[in-house]
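Here the structure is laid out as structure tokens; the discussion comes afterwards.
Every number in this text was worked out from the coordinates using simple rules, so none of it is lab data. Since we're looking at a predicted model, the values are computed, not measured. FYI the Cβ positions are ideal-geometry reconstructions off the backbone, even for glycines, and counts take in every protein chain you see.
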């Protein structure tokens, strides 16, 4: 019997406000894969994560997470949301934010206060956040806050980690640090990562496969196959030149997150 995949979407279609975000999306994500999701604003990237979190349902088709319908509050699924500014005067410390990953989704906590405190300290150390663990969350830099969000998402030892633009507004140093954290949990611990991003380059070395969403359509494939002149020209219906310079992908003629039309039928590339 084959292993149940981490994620399964079978002809899934999602509409919002009369607009089709994606149609007939069919994708199997095996356990331990690092999947990047790219597309323009409004293409349904965040909505895809919300669907996997059980916060909304597809209009048609089937979606499964670890062999079951998605459900809210599952400890098997960690979530790193888009970065939002905290009030500088918010009376919440860094360690308090991480602790919410243990008990923020239910009443009470299955761990004793001492065990919970120890677990939080372990996660703070793993993400390199111990020096500012007791600082007010709103007075930390964006990179420091994001390390804490990653710790919060990972503290329950999830099997799947969903990341919504985790590198947004971070400088190159913190981008690299966050990617290394996620890649470590993916490679060494077998955590499946779904990584929504507007720039694939910082995470390119960690990615196994790419899912492109735009105009209600989709395409998926390994980075070397999906991010090519031939593939993107076919997807966008116009000439696109893809260059690889110094390990980075440079797209000429269209933006990966642009609004150019996609072909009539989705494709696995």
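When both bridge partners sit in the chain, DSSP labels roughly 55% of those beta bridges antiparallel.
Rounded to the nearest 0.05, the FRET efficiency derived from the C-beta distance between residue 13 and residue 176 at R0 = 35 Å is 0.45. Taking each residue as 0.36 nm, the span from residue 222 to residue 90 lengthens on full extension beyond its C-alpha to C-alpha distance by 43.3 nm. Indicate the gyration tensor shape class of region 135-183 (rounded, prolate or oblate), computed on the Cα atoms with a ≥ b ≥ c the square roots of the eigenvalues: a/c under 1.5 is rounded; otherwise a/b larger than b/c is prolate and the rest oblate. Oblate, since a/c reaches 1.5 and b/c is not below a/b. So how far, in whole Å, is the C-alpha centre of region 205-224 from the one of region 49-103? With region 205-224 and region 49-103 each reduced to a Cα centre, they are spaced 22 Å.
Overall, the anisotropy analysis places region 140-257 in the prolate class: the square-rooted eigenvalues a ≥ b ≥ c of its C-alpha gyration tensor yield a/c not less than 1.5, with a/b exceeding b/c.
May I ask you to derive the relative contact order of the chain, considering only C-alpha pairs under 8 Å and at least 6 residues apart, and to give it as an integer percent? Walk me through the intermediate numbers first.
Working: 531 pairs, mean separation 63.9, N = 269.
It rounds to 24 percent for the chain.
With only Cα atoms counted, the chain has Rg and Dmax values of 18.9, 60 Å. Helix 142-154 axis versus longest C-alpha principal axis of the chain: approximately 90°, rounded to the nearest ten. Straightening the chain between residue 4 and residue 201 buys 67.9 nm, computed as 0.36 nm per residue apart minus the Cα-Cα spacing.
The angle between the Cα long axis of helix 94-103 and the longest principal axis of the Cα atoms of the chain comes to about 80 degrees, rounded to the nearest 10. Along its first, second and third principal axes, ordered by size, region 190-243 spans 38, 27, 17 Å in Cα coordinates. Annotation: Cα Rg of region 46-175 relative to the compact-globule expectation 2.2 N^0.38 Å equals 1.10.
Taking 209, 84, 149 in turn, the Gaussian network model of the chain (Cα-Cα springs below 10 Å) assigns the largest fluctuation to 84.
Calculated mean residue ellipticity, 222 nm, the chain: -8500 deg cm²/dmol, from DSSP H runs (n ≥ 4) at -39500 (n - 2.57) each, averaged per residue and rounded to 500.
Angle of helix 113-126 to the longest C-alpha principal axis of the chain, folded into 0 to 90 degrees and rounded to 10: 50°.
Taking a ≥ b ≥ c as the square roots of the eigenvalues of the Cα gyration tensor, region 34-117 is oblate, since a/c reaches 1.5 or more and a/b is not larger than b/c.
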